[in-house]
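**Q** Would you mind keeping the following structure in view while I ask a few things?
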Amino acid sequence: MPSANAPQWLQQPSLREQPEASVLDWLFDQGSLTRRLTQLSADHFSVTPLHEGWAPLRDDECLALELPPQSIGWVREVYLRGHGQPWVFARSVASRSALEQGGLNMDELGTRSLGELLFCDQAFTRRAIEACHYPATWLPPEHAREGLWARRSRFDRDGLSLLVAEVFLPAMWQVARPHQKDN
């Protein structure tokens, strides 16, 4: 049973509130977010791990991964940075059993981007991108604010499923919006 404050992740046609075109472009872009942020930052892109480890997955994550509630999984939370500024908060999760059988060592990524790994491995298939306003309580305290747009998608490979959620922080929009107007 989803909690009352859990977001409703929806595909673009089902969104009740349609964000402006520049936001939609980032939310539903099918390419690698890592590559796009690297380009936007003129190669001043980095990944800062915040948390990695085994933990109970949230209800919405269990539902998306077709797992029983409170399943244990690997949780990786990072900042994707441009010019040293946190531009995106990313949370990636996978079930313990899938990781143990799937041959992906998420605990060895360190400051490498999981997204780049997923896009370089042709065996992964990406399911539909969903978006929502991410709950402030799920963000690191220094960026906790309501109304931030997030997207997520599930990547599958031979029984291994990873759920990747990316929350776009205000500092990224300060750079992305002027950049889009120039193109």
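The values are calculated or read from the model by the stated rules, or taken from the named source; none is laboratory data. These numbers were taken from a predicted model, which means no experiment stands behind them. All Cβ positions, glycine included, derive from the backbone under ideal geometry; neighbour counts span all protein chains shown.
**Q** Hey, can you tell me all the residues within segment 120-160 that are part of a strand (DSSP E or B) and in contact with a Lys or Arg (Cβ under 6 Å, 6 or more places away or on another chain)?
**A** Glu130, Ala131, Ser153, Arg154, Phe155
**Q** Another question, if that's okay. Looking only at helices (runs of 4 or more DSSP H) that lie completely in segment 13-96, which have at least 1 residues being farther than 16 Å from Arg154 by Cα, free of Cβ contacts under 8 Å to residues at least 12 places away in the same chain and in contact with a strand residue (DSSP E or B) (Cβ under 6 Å, 6 or more places away or on another chain)?
**A** Where helices (runs of 4 or more DSSP H) fall fully within segment 13-96 and carry at least 1 residues being farther than 16 Å from Arg154 by Cα, free of Cβ contacts under 8 Å to residues at least 12 places away in the same chain and in contact with a strand residue (DSSP E or B) (Cβ under 6 Å, 6 or more places away or on another chain), they are 33-40.
**Q** Here is a further query. Please enumerate the residues belonging to segment 122-143 that are in contact with a helix residue (DSSP H, G or I) (Cβ under 6 Å, 6 or more places away or on another chain) and modelled with pLDDT under 95.
**A** Scanning segment 122-143 gives a single hit, Phe124.
**Q** Further question: Does any residue of segment 68-88 turn out to be among the β-branched types (Val, Ile, Thr) and under 17 Å from His133 (Cα atoms)?
**A** Taking every residue of segment 68-88 in turn, at least one turns out to be among the β-branched types (Val, Ile, Thr) and under 17 Å from His133 (Cα atoms).
**Q** Evaluate the following for Ala21: is it more than 25 Å from Leu109 (Cβ to Cβ) and of a type in the set (A, V, I, L, M)?
**A** Criteria met by Ala21.
**Q** Within the bounds of segment 51-64, is there any residue that is over 20 Å from Cys132 (Cα atoms), among the aliphatic types (A, V, I, L, M) and crowded, with 17+ Cβ neighbours inside 10 Å?
**A** no
**Q** Hey, does segment 22-42 have a residue that's modelled with pLDDT of 90 or more, surrounded by fewer than 18 Cβ atoms within 10 Å (Cβ to Cβ) and aromatic (Phe, Trp, Tyr)?
**A** The answer is yes, given that some residue of segment 22-42 is modelled with pLDDT of 90 or more, surrounded by fewer than 18 Cβ atoms within 10 Å (Cβ to Cβ) and aromatic (Phe, Trp, Tyr).
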